[in-house]
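Working notes for the structure below.
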Amino acid sequence: MGTWDIGPFDSDTAADFSYRVDEAPAEKRAEVLREAFQEVTSTGDDEFLDSYFAVKAVASAALVAAQCPGGDPVTTAYGPKQPLPELPVELRPLAVAALDRVLGPESELLELWEESDGEEWKAGIRKLRAVLDGANTGSDSSVGEPR
């Protein structure tokens, strides 16, 4: 996996995923994100989560969070170039569940980051989660910080 920084789109896998989002018809883009979350959450907590799926889920979560109060816009050149339609609020709890799985004990992506800038990367993931969870519950603070 070619990774150059800690952001949600700072890897070859995430940049390729952005292209996939752009190539989907506008009315199908939310489904592309939903599938990325389901690829992560459909595995059990005790099953190994491949980093490929985790990276796509993190990128998807960043796109959903960008439309939430307090969310950061995705401005990187490696993110999708096409504008996203308003995303369904039902994606928010799926994104939170996916991020929890990415930060779980059987996550290859977490293992890889813990070998380098793990704390800074985890802080970014927790920030995404807090935005999504706050928007999901109607508040601007996280309920139940993960790990």
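Worth pointing out:
- Listed by first and then second residue, the pairs with beta-carbon distance under 8 Å, at least 6 apart or on different chains, first residue in the range 93-121 and among the hydrophobic types (A, V, I, L, M, F, W, C), second assigned to a loop (DSSP other than H, G, I, E, B), are Leu99/Pro146; Leu103/Pro146; Leu103/Arg147; Leu110/Leu103; Leu110/Gly104; Leu112/Met1; Trp113/Ile6; Trp121/Ile6.
- Search result, residues across the range 1-41 that are in contact with a Phe, Trp or Tyr (Cβ under 8 Å, 6 or more places away or on another chain) and free of Cβ contacts under 8 Å to residues at least 40 places away in the same chain: Glu39
Every residue, every condition in (1) on the phi < 0 side of the Ramachandran plot; (2) in contact with a strand residue (DSSP E or B) (Cβ under 6 Å, 6 or more places away or on another chain); (3) among the β-branched types (Val, Ile, Thr); (4) surrounded by 22 or more Cβ atoms within 10 Å (Cβ to Cβ), yes or no:
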| residue | (1), (2), (3), (4) |
| --- | --- |
| Thr13 | yes, no, yes, no |
| Asp16 | yes, no, no, no |
| Glu27 | yes, no, no, no |
| Ala30 | yes, no, no, no |
| Phe48 | yes, no, no, no |
| Ser60 | yes, no, no, yes |
| Ala66 | yes, no, no, no |
| Gly70 | no, no, no, no |
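- Residue satisfying all of: in the range 107-147; over 13 Å from Ala54 (Cβ atoms) and among the hydroxyl-bearing types (Ser, Thr, Tyr); modelled with the highest pLDDT among these: Ser116
- Among the residues of the range 77-110, the ones that are within 16 Å of Arg20 (Cβ to Cβ) and of a type in the set (S, T, N, Q) come to 1 in all.
- Set side by side, the residues Pro80, Pro88 differ, and just one is surrounded by fewer than 19 Cβ atoms within 10 Å (Cβ to Cβ) and either in a loop (DSSP other than H, G, I, E, B) or touching a residue at least 24 places away in the same chain (Cβ under 8 Å) (or both), which is Pro88.
- The residues of the range 44-77 that are free of Cβ contacts under 8 Å to residues at least 60 places away in the same chain, of a type outside the set (Gly, Ala, Ser), part of a loop (DSSP other than H, G, I, E, B) and over 14 Å from Asp133 (Cα atoms), listed by number, are Glu47, Asp50, Asp72, Pro73, Thr75.
Rundown of residues vs (1) acidic (Asp, Glu); (2) out of contact with any helix residue (DSSP H, G or I) (no Cβ under 9 Å at 6 or more places or on another chain); (3) modelled with pLDDT of 95 or more, yes/no style:
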residue: Leu33; (1), (2), (3): no, no, yes
residue: Thr43; (1), (2), (3): no, no, no
residue: Asp50; (1), (2), (3): yes, no, yes
residue: Lys56; (1), (2), (3): no, no, yes
residue: Val64; (1), (2), (3): no, no, yes
residue: Gln67; (1), (2), (3): no, no, yes
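- Residues satisfying the stated conditions in the range 1-34, i.e. in a loop (DSSP other than H, G, I, E, B), under 14 Å from Val58 (Cβ atoms) and in contact with an Asp or Glu (Cβ under 7 Å, 6 or more places away or on another chain): Met1, Ile6
The values are calculated or read from the model by the stated rules, or taken from the named source; none is laboratory data. Just so it is clear, the structure is predicted and the values come from calculations on it, not from any experiment. Positions of Cβ are generated from backbone atoms using ideal geometry, with glycine treated the same way; all protein chains shown enter the neighbour counts.
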